[in-house]
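Since the structure comes first, as structure tokens, the remarks are kept for the end.
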Amino acid sequence: MRTYIADTETLDDGKEVTLQGWIQELRKIKNLMFIIVRDSTGQIQVTVKKGSITNYDELYEITRESVISVHGILNKKSVSRSGTEILATGVEILSIADTPLPLGVIDRVSADFDTRLNNRFLDLRKPEHLVIFKFESQLLFGIREYMNRENFIEVHTPKIVGAATEGGADLFRVEYFEKQAYLNQSPQLYKEILIGSGFDKVFEVGPAFRAEKENTVRHLNEFTSIDMEAAFIDDRKAMEYLERAISYAVNRTIDVMGAELERSGYHVSRLDPPFPRITYEEALGYLNDHGLKLSFGDDFSPEANKILAQKFNGFYFITGWPSAMRPFYTHPDTNPEITKSFDLQLNDIEVTSGAQRVHNYRMLEENFMKKGLNKNDFEFYEKAFKYGMPPHAGWGLGLERLVMNLLGLNNVRESTLFPRDRTRLSP
């Protein structure tokens, strides 16, 4: 039975254990070897004496990052740095690593980002990188747990579609037998159809695709989107669901792995909703007071977002975006030039976009014309609005961007297992 390295802390001195993992370091004396073995939970020293195992000479020539299985006795009176070691009674070599390694795992010499991504299988062996995805997994589990507690149904909508979700040219075209199809930008249209089907509350976790040519530290062409839609709510209730879901997930993750995060150098603070709110027009005025020259309808540049981040320092909502800047399905406010929409910012980066949606069929048709869209391309969607569509609202949250910001990473590719961007299609 395999024992994980972290579990040795709770075992008694003298316990027989079997560990399996990678050789991280190897120090050899003629009749003695000290091997640092690493698995996904930690690392430990294995002491091997000549004569204690039958294949000592073979093991003596082993390379770093080779995979072994160690059977031995737990010694908690060790003089090793950790105060614990395994006295080996048997070692099985499972896989020998070639040399030289294309990327160091514990070496102090840093590698450029492309080298890291080209050798991602080695890059992810670094404990400080592995913990990013442990955090991401726990965070996603917490969001799912919150949504389930709020009686949301998890759904899975098509990723190959016949029409753009938001119009425009940011689409990946694919051949679909004799037809032209696209990779879906978001599950938005299908979420709304489900609301018209009486599902009441839905959420989805899945890939989304944007053919944007930006190659910045915050852009990906394939990312994980967490989407929510609910009937009989407005934009304010959607924001409440969002801030509560994130706060619940972050606080739960800190409870589960806070010590591990701190050991790895990541500092994540507990959250207490509600998050601050500022309207688009208020933000515009604030930015112009700080030397920018922006007009109504202008988007906020990275410089503008940095100025706003200095004011709020954490999560905050920007609400009431201009109609011209929002998709056709966004519901107007009392002033038709403004929408019942919001972005959730974390410091200087947008992590979520959401809104109350149009539910009136006539208004939807008018919006198609205003945005220059052919309503025939959306027949499958607008049909659901002809036969009783309740008011509804929702949002879409980028998981990798959220993790990037929470952990203070420099690049969204750090929080993506195998990034897909403007230039990268492998591994």
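Please treat every number below as a calculation from the coordinates, not as lab data. Since the model is a prediction, treat every value here as computed from it, not as a measurement. Note that we place each Cβ from the backbone using ideal geometry, even for glycine, and neighbour counts take in every protein chain shown.
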Stretch F172-D299 to full length: gain in nm at 0.36 nm per residue minus the Cα-Cα span?
43.3 nm
With Cα springs under 10 Å, the Gaussian network model of the chain assigns the largest mean-square fluctuation among W395, W321, W22 to W22
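Between R424 and N215, what length comes free when the chain is fully extended (0.36 nm per residue of separation minus the Cα-Cα distance, one decimal in nm)? Display every interim value, and only then the final one.
Numbers: separation 209, 0.36 × 209 = 75.24 nm, distance 1.03 nm.
Gain on extension, R424 to N215, equals 74.2 nm.
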Once amide hydrogens are built 1.01 Å from N within the peptide plane, the residues lying 5 or more places from T89 or on another chain with amide H under 5 Å from its amide H are H71, G72, I73
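Can you list the trypsin sites (Lys or Arg not before Pro) in segment 273-327 that are in a DSSP coil and have 15 or fewer other beta carbons within 10 angstrom?
The qualifying sites are K293.
Which length gain, in nm to one decimal place, applies between K370 and N410 when the Cα-Cα distance is subtracted from 0.36 nm times their residue separation?
Numbers: separation 40, 0.36 × 40 = 14.40 nm, distance 3.89 nm.
Using 0.36 nm per residue and subtracting the Cα-Cα distance, I get 10.5 nm.
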Using 1/(1 + (r/R0)^6) with R0 = 25 angstrom and r between the beta carbons of R2 and E58, what's the FRET efficiency to the nearest 0.05?
0.65
Backbone HN-Hα couplings from phi across segment 152-157 [Karplus 6.51/-1.76/1.60, Hz, Gly and Pro as x]
7, 9, 7, 10, 9, 9
Sequence gap at least 6, Cα distance under 8 Å: using those rules, report the relative contact order of the chain to the nearest whole percent.
13 percent
With only helices counted (DSSP H, runs n ≥ 4, each -39500 (n - 2.57)), the per-residue ellipticity at 222 nm for the chain, to the nearest 500, works out to -8500 deg cm²/dmol
Whole-Hz Karplus couplings 3J(HN,Hα) for segment 104-116, θ = phi - 60° and coefficients 6.51, -1.76, 1.60, Gly and Pro as x, run x, 9, 10, 5, 6, 6, 7, 10, 5, 5, 5, 4, 4
Between segment 320-356 and segment 400-427, what is the C-alpha centre distance in whole Å?
25 Å
Reach of K49 by Cα under 21 Å, taken over lysines that are not fewer than 8 positions away in the same chain:
K15, K28, K30, K76, K77
Take the Cα coordinates of segment 5-95, assign each an equal point scatterer, and use the Debye formula without solvent to give log10 I(q)/I(0) at q = 0.12, 0.16, 0.23 Å⁻¹.
-0.30, -0.55, -1.20
For K213, give me every one of the lysines with a C-alpha distance below 28 angstrom, ignoring sequence neighbours fewer than eight places off in its own chain.
K159, K179, K191, K293, K306, K370, K371, K375
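Sort the following peptides by mean Cβ neighbour count (other Cβ atoms within 10 Å, averaged over residues), highest first: 364-370, 186-192, 235-241, 333-339. Walk me through the intermediate numbers first.
Working: 364-370: 15.9, 186-192: 23.4, 235-241: 19.4, 333-339: 13.9.
Ranking, from highest mean packing down: 186-192, 235-241, 364-370, 333-339.
When Lys and Arg each count +1 and Asp and Glu each count -1, what net charge do the other residues less than 15 Å away from L292, Cβ to Cβ, add up to? Present the calculation step by step, with values, prior to reporting the outcome.
Details: positive: K293, K306, K311; negative: E281, E282, D289, D298, D299, E303, D348.
With Lys, Arg at +1 and Asp, Glu at -1, the net is -4.
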Please compute, for the alpha-carbon atoms of the chain, the extent along each of the three principal axes and give them in descending order in Å.
85, 55, 40
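Using a ≥ b ≥ c from the Cα gyration tensor of segment 220-260 (square roots of the eigenvalues), is it rounded, prolate or oblate, where a/c under 1.5 gives rounded and otherwise the larger of a/b and b/c decides, a/b for prolate?
Working: a/c = 3.73, a/b = 1.46, b/c = 2.56.
Oblate, because a/c is 1.5 or more while a/b does not exceed b/c.
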Regarding segment 187-271, what whole-number volume in Å³ per residue does the convex hull of its Cα atoms give?
140 Å³
Take the chain, connect every pair of alpha-carbon atoms lying under 10 Å apart with a spring to form a Gaussian network, then pick out the residue of G354, G398, G408 with the largest mean-square fluctuation.
G408
Local net charge near P127, Cβ-Cβ under 11 Å (Lys/Arg +1, Asp/Glu -1)
+2
Using 7 Å Cα-to-Cβ label points, what is the K311/H290 separation (nm, one decimal)?
0.7 nm
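Just add up the charged neighbours of S197: K/R +1, D/E -1, any other residue whose Cβ is under 13 Å from the Cβ of S197. Kindly include the intermediate steps, with their values, before the conclusion.
On the way: positive: K191, K201, K383; negative: E192, D200, E229.
Here the count lands on 0.
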For a quick check, take a GNM of the chain with Cα springs below 10 Å and name the residue from L399, L101, L242 with the largest mean-square fluctuation.
L101
